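Report on one structure; see the data block that follows.
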Amino acid sequence: FPGIFKGALKARVKQITEEMKLAAANAIASLVPDDELGENNILPQAFDPRVSEIVSQAIIDHAK
């Protein structure tokens, strides 16, 4: 995800850890409201403009 690299660059981390990837996955999952979750709807749309920013922020927060 582009947001992972954006967050890593902003946080100046030297390594992307499994924990950072998990934080990114949780951030992505948080974009689908509970009332919209379903068997065929577990991720936001591929071009949802919020994805990159929320993933980037999750990486930055995790790096602190």
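Any read-out appearing in this document is the output of simple, stated calculations on the displayed coordinates, not a laboratory observation. No experiment lies behind these values; they were computed from the predicted model shown. Please note: Cβ atoms are built from the backbone with ideal geometry, for glycine as well, and neighbour counts cover all protein chains shown.
When the residues of region 26-51 are narrowed to those that are within 13 Å of the chain's Cα centre (by Cα) and not in a loop (DSSP other than H, G, I, E, B), which ends up nearest to ASP61 (Cα to Cα)? The extreme case among them is ALA27.
Of the numbered criteria (1) buried (at least 16 other Cβ atoms within 10 Å of the Cβ); (2) under 11 Å from GLY3 (Cβ atoms), the one PRO44 fails is (2). One residue stands out among those in region 14-25 that are in a helix (DSSP H, G or I) and surrounded by 13 or more Cβ atoms within 10 Å (Cβ to Cβ): the one that is nearest to the chain's Cα centre (by Cα), which is ALA24.
Condition first: surrounded by 11 or more Cβ atoms within 10 Å (Cβ to Cβ), within 9 Å of the chain's Cα centre (by Cα) and not in a helix (DSSP H, G or I). Can you find one or more residues in region 1-13 that meet it? Looking for residues that are surrounded by 11 or more Cβ atoms within 10 Å (Cβ to Cβ), within 9 Å of the chain's Cα centre (by Cα) and not in a helix (DSSP H, G or I), one finds at least one in region 1-13, hence yes.
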